[in-house]
Amino acid sequence: MPRRSSPLQSEMVQGTLDMLILKTLLLGPAHGQTIAHAIERGSEEVLQVEHGSLYPALHRLQNRGWIAAFWGTSENNRRAKYYRLTPEGKKQLAAQTSRWDELVRAIGRILHPATEKQR
């Protein structure tokens, strides 16, 4: 699928990439390129993850203890750094997901007040 002309990566709410990385790693360990592609595919190419955003986010999450890194061999038989979710990362993902859902509902009430009143 071709990339859209104006991906939303620069418009992401701060912290959203962290949450998406954690969610991706909930499925199992992955290296950076796999994480980026999973987010892109999962968003139907609406979100584009640039290396300049991905790797600082991975380092930030690792420094916070939410993910751990280890070396392995990629699908094309190259050495690659893999990341896995830690138990603390799972807790953080649950908290961020709950907060995200609350934020989406609040914005929805503002953007679609009639729809929210019918619920």
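The values are calculated or read from the model by the stated rules, or taken from the named source; none is laboratory data. Computed from a predicted structure; not experimentally measured. Note that each Cβ is placed from the backbone with ideal geometry, even for glycine, and that neighbours are counted across all protein chains shown.
Annotations for the structure displayed:
- Listed by position, the helices (runs of 4 or more DSSP H) inside the stretch 41-119 whose residues that are under 15 Å from Thr16 (Cα atoms) number at least 1 are 51-63, 87-111.
- Residue within the stretch 90-102 that is β-branched (Val, Ile, Thr) and under 13 Å from the mean Cα position of the chain (by Cα) present: yes
- Only one entry in Ile35, Ile39 is under 19 Å from Trp71 (Cβ atoms) and at pLDDT 95 or above, namely Ile35.
- Hits in the stretch 30-70 - residues which are of a type outside the set (S, T, N, Q), surrounded by 14 or more Cβ atoms within 10 Å (Cβ to Cβ) and touching a strand residue (DSSP E or B) at 6+ places or on another chain (Cβ under 8 Å): Ala30, His31, Gly32, Ile35, Ala38, Leu58, Leu61, Trp66, Ile67, Ala68, Ala69
- Residues (touching a residue at least 40 places away in the same chain (Cβ under 8 Å) and not hydrophobic (A, V, I, L, M, F, W, C)) located in the stretch 23-32: Lys23, Gly28, Pro29, His31, Gly32
- Condition broken by Pro2, with the remaining ones in (1) at pLDDT 95 or above; (2) farther than 23 Å from Ile107 by Cβ; (3) of a type outside the set (Lys, Arg) satisfied: (1)
- Residue in the stretch 6-17 that is modelled with pLDDT of 90 or more, under 24 Å from Ser98 (Cα atoms), in a helix (DSSP H, G or I) and in contact with a helix residue (DSSP H, G or I) (Cβ under 9 Å, 6 or more places away or on another chain) present: yes
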